[in-house]
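The values are calculated or read from the model by the stated rules, or taken from the named source; none is laboratory data. From a predicted model like this one, the values you see are computed outputs, not experimental measurements. Here the Cβ positions follow ideal geometry from the backbone for every residue, glycine too, while neighbour counts run over all protein chains shown. Surface accessibility is based on the protein's heavy atoms, side chains included, excluding ligands, DNA and RNA. Shrake-Rupley method; radii C 1.70, N 1.55, O 1.52, S 1.80 Å.
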Amino acid sequence: MKINQLRAFLAVIETGTINRAADRLSLTQSAVSKSLRELEADLEMPLLVRTGKGMTLTEAGAVIADRARLINAEVARVRQDIAAIKGRSCGELRIGVSPVAASADLATAILAFKMRHSGTRLTIIEERPSKLLMLMRDGTLDFAISSEIPLESTGFPAIQLSVVKTVIGVRPDHPALHATSLDELLPYEWITPDPIDDETAPLFRCFSMQGRALPERIVHCASIGLYLELAKNSNAISIWSATPFNLAAFRQVLSPLALSDNIPGRNICLLSRDFHLLSRPARALMKEIRAIFSRSSDHDTAEIAGAIARAGSAYP
């Protein structure tokens with residue numbers, strides 16, 4: 001099994017045809033076909049079948065594809081590290097961030113990193129936590145800063161940075177504004193930015209940890225902008241981190257509920273496939289992130305208390 005064979009295999013999967021794969025790789029069609037034949041001969045299994053819609057993965061091909069993406073990404077990182085050692089490059093870094101983890105502390109850490117490593121090409125991808133895990137597994141990301149995922153369920157080494165409170169919100173004139181328990185909210189429609197069957201999502205954990213079934217009416221809305229519009233213009237119940245409620249403008253459109261139920265918070269954590277194999281730029285940025293979060297954690301209690309006081313008695 002050779003790297004060029006895996007590259008040809010991935011190119012065919014991503015483009016759908018040998019012709020387009022050859023164009024992407026700047027190779028002849030016969031060269032791409034040869035690489036595929038050699039890879040299948042080596043593995044003694046067919047990996048692709050031709051259909052009316054192009055090339056389709058076999059069962060064995062689907063297994064190899066996931067591994068091939070990871071191998072390809074790691075080879076690219078090796079080349080980047082060697083180029084940096086030779087002084088030809090300052091490196092490239094791709095990190096993932098979940099919406100709740102995209103905080104002022106993280107921005108401070110990134111800016112500090114860029115001051116010391118201005119030549120590093122940095123790409124930041126924001127996705128929901130479940131999508132970040134997928135991007136970690138296929139090697140797209142060097143590491144991720146994610147929320148909402150229980151540390152024991154990630155399958156990756158993790159370093160916890162902080163915990164963010166989870167808040168149930170409704171519009172200020174909502175009929176359930178003074179509700180004190182989840183049971184009082186069950187008759188209403190709920191909205192969630194995560195897939196309804198995502199067991200790591202705040203809504204699922206909120207009810208499962210109380211031993212309750214999910215509400216009967218739930219709308220999954222992956223658009224955060226539309227999610228907010230639906231929450232503030234209807235009687236739907238929405239679930240948030242506590243962070244936006246620190247802003248007076250946000251509290252004008254949504255009010256946090258003072259519930260007696262124990263609502264699980266959200267872990268903010270660093271995730272990596274292997275911390276020991278991180279590139280130099282990745283290790284440097286991770287060091288900045290841990291330093292900033294470590295310093296800010298000493299003030300978290302006072303800041304949250306101040307935010308609650310400013311928000312008034314409706315804040316949990």
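Determine the per residue accessible area of the stretch 200-288 with all protein chains present and a 1.4 angstrom probe, expressed in square angstrom.
46 Å²
Which of the listed residues, V49, L10, F113, is farthest toward the dipole's positive end in the stretch 1-127, when Lys, Arg count +1 and Asp, Glu count -1 at the beta-carbon?
It is F113, whose Cα lies furthest towards the positive end.
State to the nearest 20 debye the size of the charge dipole of the chain about its Cα centre, where the only charges are +1 on K and R beta carbons and -1 on D and E beta carbons.
Computed charge dipole of the chain: roughly 1400 debye.
Mean projection of the alpha-carbon convex hull of the chain over all orientations, in nm²?
20.0 nm²
Mind listing the phi-derived Karplus ³J(HN,Hα) values for the stretch 245-259, rounded to whole Hz, using 6.51, -1.76 and 1.60 with θ = phi - 60°, and x for any glycine or proline?
Once rounded to whole Hz, the list reads 6, 6, 9, 4, 4, 6, 5, 6, 10, 9, 10, x, 8, 8, 8.
So which lysines can K232 reach, going by Cα to Cα under 28 Å and dropping same-chain residues fewer than 8 places off?
The reachable lysines, counting only those whose Cα sits under 28 Å from K232, are K131, K165.
If you restrict to DSSP beta bridges whose two residues both lie in the chain, what percentage is antiparallel, to the nearest 5?
Of the beta bridges lying entirely in the chain, close to 60 percent run antiparallel.
Whenever you get a sec, line up Y227, Y188 from highest to lowest accessible area (probe 1.4 Å, protein heavy atoms).
Highest to lowest solvent-accessible surface, that is Y188, Y227.
Near K114, which lysines are there with a Cα under 21 Å away, not counting those fewer than 8 places off in the same chain?
Within reach: K86, K287.
Nearest-5 percent of antiparallel DSSP beta bridges in the stretch 138-273?
75 percent
Which length gain, in nm to one decimal place, applies between T51 and R116 when the Cα-Cα distance is subtracted from 0.36 nm times their residue separation?
Once the chain is fully extended between T51 and R116, it gains 18.3 nm.
Quick check: the distance between the Cα centres of the stretch 1-39 and the stretch 105-120, to the nearest angstrom?
38 Å
Report, ordered by chain and residue number, the lysines lying within cross-link reach of K2, taken as a straight Cα distance under 17 Å and ignoring same-chain residues fewer than 8 apart.
The reachable lysines, counting only those whose Cα sits under 17 Å from K2, are K34.
Would you work out what percent of the accessible area of the chain, with all protein chains in place, is carbon or sulfur (probe 1.4 Å)?
C and S fraction of accessible area: 54 percent.
Pop out the ³J(HN,Hα) list for the stretch 183-196 in order, Karplus 6.51 cos²θ - 1.76 cosθ + 1.60 with θ = phi - 60°, rounded to Hz; leave Gly and Pro as x.
Karplus values, whole Hz, x for Gly and Pro: 4, 5, 9, 4, x, 8, 6, 10, 10, 9, x, 9, x, 4.
So for the chain, taking the charge dipole from beta-carbon charges (+1 Lys/Arg, -1 Asp/Glu), which of A258, I145, H178 sits furthest toward the positive end?
Of the options given, the answer is I145.
Can you tell me the orientation of helix 59-85 relative to the chain, as the angle in degrees between its alpha-carbon axis and the longest Cα principal axis, to the nearest 10?
With both axes taken from Cα atoms, the answer is about 90 degrees.
Taking only DSSP H segments of four or more residues, each worth -39500 (n - 2.57), what value at 222 nm results for the chain once the sum is divided by all its residues, to the nearest 500 deg cm²/dmol?
-13500 deg cm²/dmol
What dipole magnitude, in Debye to the nearest 20, does the stretch 168-256 give about its Cα centre under +1 on Lys/Arg Cβ and -1 on Asp/Glu Cβ?
Charge dipole of the stretch 168-256: 280 debye, to the nearest 20.
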